[in-house]
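Below: one structure, written as structure tokens.
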Amino acid sequence: MSAVNVAVVAFVQTRHSGEDTGLSETELLAPVITEIKERTGLRRFGFTCSGSNDYLAGAPFSFVAALDAVGAWPPISESHVEMDAAWALYEAWVKLLHGEVDTALVYGFGKTSQTDYAQVATRQLDPYYLAPLGLDADSLAALQARAHLEAVGKGEDALRAVAARARAAGRTNPHALDLPDPADDPYAVAPLRGYDLPPVTDGAAAIVLASGDKARELCERPAWITGIDHRAEPHSPGARDLARSESARIAGEKAGAGGVEVAELHARYTHEELILREALGLGDEVSVNPSGGPLAADPVMATGLIRIGEAAARVHDGTATRALGHAASGPCLQQNLVCVLSGEDHG
Amino acid sequence: MAEPCAIIGVGQTAYRTRRPDASMAGLLREAARRALDDAGLTWKDIDAVVIGKAPDLFEGVTMPEAYLADALGAAGKPIMRVHTAGSVGGSTAIVAAGLVQSGVHDRVLTVAWEKQSESNATWALTVNTPFTTSLVVGAGGYFAPHIRAYMRRSGAPDHIGTLVAVKDRENALKNQYAHLKIPGISREMVESTPMLWEPIRYLETCPSSDGACAMVLASSDAARSAPNPPAWVHGTAMRSEPIFFAGRDTVNPRGGIDCAADVYRQAGITDPRAELDCAEVYVPFSWYEPMWLENLGFCGEGEGWKLTESGATALDGDIPWNPSGGVLSSNPIGASGMIRFAEAALQVRGMAGEHQVDGARRALGHAYGGGAQFFAMWIVGSDRP
Amino acid sequence: MRSDVNHVLEFPGGYTRSVGPVIGRFLSELRDGRLVGVRTAGGRVLVPPAEYDPDTGEDVTDEFVPVGPAGTVTTWSWVADPRPTHPLDRPFAWALIRLDGADTALLHVLDVGDHAEPPRFLKTGMRVRAKFRDDRVGGIRDIECFRPEVTSITDPSRLEYRLQGGRALDRFLSGIAEGRIIGHRCDVCGQVIVPMKGLCPRDGVPTSEEVELPHTGTVTTFAVNNLPDPRAPEVPFVSAYVLLDGAGLTMLALVAGLPADQVRMGMRVRAAWRPREEWTKSMSNIKWFEPIDEPDVPFDEIKDYL
């Protein structure tokens, strides 16, 4: 592996909104880009990479308009993943390892207020066996929730506890939504209730990565990426063990997930946090989703990137020495990315 | 500082209007398996998978890396999906190469595809939201005005586009995978077809294809045991610019110029026409050959059409462009860029078959997309850099 | 659709998907009403079949094997409020179902009938079977749904008879038809048997001395019924043994006219008759017994009639 060390040196996100405020995706993103440029003092970056999804916007090429927010002139070295922007960060990290460039801008954005995201997610499913059933993301998640609860012998109160903690944490985070303690919500799709589901959210986020001395120059306490890895498992929910996450386990192992103090998990449903804690070996001593996590703000396509940003922010402000950011993609945690960050500079 | 990256496997499907015999996964696996066979590897030997395609609306499966993960042998492995509009086939290959160059992985499978028969390309490319101000329908409607601007600016005679249309289709007759095979293709035949978007005639446009293209990329160590000669990556570059802004040159976009300059610098090339042996360049409308000849520095501005007219870009010319028949002969949009990159690799490996350029040792693969605003390029060579 | 929708993303006519050999075989068999899986090189059977082993990416073999039509639920979720795109417009379950003979599970609709809440029998491990549509077209929805495998049956049974109640009963009901309650006194024990049977069950002797009984009596014991029954009044209702004054044994009757929780052993009651014009030759002429304003009978006096 390359000797280049890469760090998260800046993280900016919108104050996420639970309803459409009338801003386009580009308008949501532009102030975030402006702020992160101000914060780093950089006007141009060695590489730029973003994550977004056409189906969220209901039209092709959603990333093209977003380029207007970046200031891509003169032309920039740029790429895009049709995935959560955490994978854009992965692509940028790989690029920085080459050593040709030493800074990268990564961003993601999404507005779930514009559509019914659980229904949009139907279009991600196997087009022969699953999508024709009209199966939505909430229904699929509920299948996994029951599989997990029954496998570990837990009850639904375990889910409620996750929601209560996430929402309480979210209320202390100015960027997250202000959601009340879980009430007696009816089942959305049993065994999941309303509070077990992610809230509708509009938002955007950006991260700047830098390598080596450039990172030290741009940030007082860079959050060094000591390990980052992502893994997938088979798509068909009937061809894998839904009760746990083998792909998260492997990614955590490869990224060196042990010994973290803080973990920001891309758990969009309450049970996913339980599955991920187990897969990543996070004990009770680990502070999980102090930001509130996706259950308190879920600007899809940026949600995973925000996890890495929040984890890095804990390193930046000195509250953690070693933190973990996690991102997921696909139905029922099919893909998982783990990024381990450290305040210790071994450069 | 980057590790060397070799292309040790290339696989393509036959490109057809419709592949009714293949599922989406089946189509990708057909290309991937041929690439694995070429590399002498099996699914389990692969460390990571990078896929790419144009908008998800084409097949109506969004973020399809989820559905395709295990179909591409990625259970327990990393898989990611790149999307940079029409340049995506090229940028996907570049992202995959990056995984090797950075030392993260030793063997990476990359696949790009489109199965356009599942819907309709014009629809998928121009779904308009209520707030879209564009009245354009389809790619031809967008690019025809730029072509007209080029003709005006360069003073090129009307028949240049026809020459490219004929040359690329003649090359396609030598390519077993090509979609459009028109025996006896001639200027008269092209000129007898209707104007679709004036000045673009029907046979001056690309077809709409189903198809997939795959490559296996490998580190030096992994390349050592490859059964066939590798191609080596000598440089990769991507550039993007906004689609609409005051003062933008849409005929000769700066993104293309800068991208070419970057990739030439990496490969140590100062005179591409002289130092490259052939090029696979994204030419979806015949007039883009002379336009890109200038944009990529194969000649001076306003001179591109003369190069085409002189036959320099023909298979037996001094700098053959699109010996495979190019995008004009096969166009599964999301794969078209990767086909350019893969064909460039086949040329320098000496494995291009009937359309092999004799003695090719260095070649350019090129892709562009969006409103001629996204560019991806690589240069590959027979020699390890 | 929400009224503020201003953009619809829909490819007209729907995507046309070629399915390839493996999915195509599965869907063709499905259209014929059969379920098949495909065997991997490692010997596992995939349902639904894929062209590849999901764990290794290797091609599957060309061996298709019959599976199901029964299977086992491995997990499920309950949709209380179906979306427009869902296959049912009333509450239903999604389930992963491992068909018999398969090593992977198929996701489909599990229809357990019309329930607002998941019924108790719906659980992981339950046995289910595919229900095929009649008009199959070769799609995953050729299976209309899965349904619970049969674990019990209802057995409708109807036989026709022409019965006689016997002379004693006929005589008793003739009395009832006239608003009278008639019994027989046993010559041996002296007890009044109502309704009479023409014999004393205790002494084994015929009886014939008719005695008309008053319409009042005492509740000896009773039950408060909370289990609904289509033939019974709304729950809770009280069924009681009523010892008519002068009778030697009790009659089972409804007690009403007061809250169920106020019915007492020893409570005095009177028969409440329907209006005379509704009378027929049946016990239904008496609606029920209702309390009368008399002191309760001490337990000692009824304890022998329990």
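The values are calculated or read from the model by the stated rules, or taken from the named source; none is laboratory data. Treat the numbers as computed from the prediction; the structure is a model and nothing was measured. Neighbour counts run over all protein chains shown; Cβ positions are idealised from the backbone, glycine included.
All of A:LEU333, A:LEU337 fail the test of being within 14 Å of another protein chain (Cβ to nearest Cβ), touching a strand residue (DSSP E or B) at 6+ places or on another chain (Cβ under 8 Å) and buried (at least 24 other Cβ atoms within 10 Å of the Cβ), apart from A:LEU337. Can you pull out every residue in region B:362-375 that is on the phi < 0 side of the Ramachandran plot, out of contact with any Leu (no Cβ under 9 Å at 6 or more places or on another chain) and part of a loop (DSSP other than H, G, I, E, B)? B:GLY371 - this is the single residue of region B:362-375 that is on the phi < 0 side of the Ramachandran plot, out of contact with any Leu (no Cβ under 9 Å at 6 or more places or on another chain) and part of a loop (DSSP other than H, G, I, E, B). Among the strands (runs of 3 or more DSSP E) confined to region C:26-108, there are none with at least 2 residues that are touching a Ser or Thr at 6+ places or on another chain (Cβ under 9 Å), surrounded by fewer than 18 Cβ atoms within 10 Å (Cβ to Cβ) and more than 7 Å from every other protein chain (Cβ to nearest Cβ).
The conditions of being within 22 Å of A:ARG123 (Cα to Cα) and without any contact (Cβ under 8 Å) to a residue 12 or more places away in the chain are not met by C:GLY113.
For region A:64-78, how many residues meet the condition of being within 23 Å of the chain's Cα centre (by Cα) and either within 7 Å of chain B (Cβ to nearest Cβ) or at pLDDT 95 or above (or both)? So the count comes out to 3.
The residues of region C:237-280 that are exposed (fewer than 14 other Cβ atoms within 10 Å of the Cβ) and more than 16 Å from C:THR218 (Cβ to Cβ), listed by number, are C:PRO259, C:ASP261, C:ARG274, C:PRO275, C:ARG276, C:GLU277, C:GLU278, C:THR280. Filtering region B:302-335 to residues that are part of a helix (DSSP H, G or I) and within 19 Å of the chain's Cα centre (by Cα) leaves B:GLY326, B:VAL327, B:LEU328, B:SER329, B:ILE333, B:GLY334, B:ALA335. On inspection, B:ASP221 fails the criterion of being within 27 Å of B:ALA335 (Cβ to Cβ), within 14 Å of chain A (Cβ to nearest Cβ) and charged (D, E, K, R).
Residue check: A:VAL300 meets all listed conditions (1) out of contact with any Ser or Thr (no Cβ under 6 Å at 6 or more places or on another chain); (2) within 14 Å of chain B (Cβ to nearest Cβ); (3) assigned to a loop (DSSP other than H, G, I, E, B) but one, namely (1).
Each row is one residue, and each column tells you yes or no for (1) within 19 Å of the chain's Cα centre (by Cα); (2) in a helix (DSSP H, G or I); (3) under 22 Å from A:VAL32 (Cα atoms).
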site: A:ALA251; (1), (2), (3): yes, yes, no
site: A:ALA257; (1), (2), (3): yes, no, no
site: A:LEU276; (1), (2), (3): yes, yes, no
site: A:ALA311; (1), (2), (3): yes, yes, yes
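Residues that are in a helix (DSSP H, G or I) and without any contact (Cβ under 8 Å) to a residue 24 or more places away in the chain do occur in region B:19-29, at least one of them. Does at least one position in region B:36-47 carry a residue that is facing chain C (nearest Cβ under 9 Å), outside any helix (DSSP H, G or I), closer than 20 Å to B:SER117 by Cα and not acidic (Asp, Glu)? Looking through region B:36-47, none of the residues is facing chain C (nearest Cβ under 9 Å), outside any helix (DSSP H, G or I), closer than 20 Å to B:SER117 by Cα and not acidic (Asp, Glu). Looking only at residues in region A:185-208 that are assigned to a loop (DSSP other than H, G, I, E, B) and aliphatic (A, V, I, L, M), which one is farthest from A:GLU27 (Cα to Cα)? Within region A:185-208, the match that is farthest from A:GLU27 (Cα to Cα) is A:LEU197. When region B:260-285 is limited to residues that are surrounded by 20 or more Cβ atoms within 10 Å (Cβ to Cβ) and among the hydroxyl-bearing types (Ser, Thr, Tyr), the one that is nearest to the chain's Cα centre (by Cα) turns out to be B:TYR282. Screening A:HIS80 with (1) farther than 21 Å from A:LEU333 by Cβ; (2) free of Cβ contacts under 8 Å to residues at least 40 places away in the same chain; (3) surrounded by fewer than 23 Cβ atoms within 10 Å (Cβ to Cβ) gives one miss only, at (3).
Taken together, B:GLY311, B:GLY350 contain a single residue that is at pLDDT 95 or above, under 18 Å from B:TRP232 (Cα atoms) and out of contact with any helix residue (DSSP H, G or I) (no Cβ under 6 Å at 6 or more places or on another chain), which is B:GLY350. A single member of A:GLY110, A:GLY134, A:GLY155 is away from chain C (no Cβ under 14 Å), out of contact with any Cys (no Cβ under 8 Å at 6 or more places or on another chain) and modelled with pLDDT under 95, and it is A:GLY110. Kindly evaluate C:ARG17 against the criterion of being in a loop (DSSP other than H, G, I, E, B), farther than 17 Å from A:ARG240 by Cα and facing chain B (nearest Cβ under 8 Å). Here the answer is yes, as C:ARG17 does meet what is asked.
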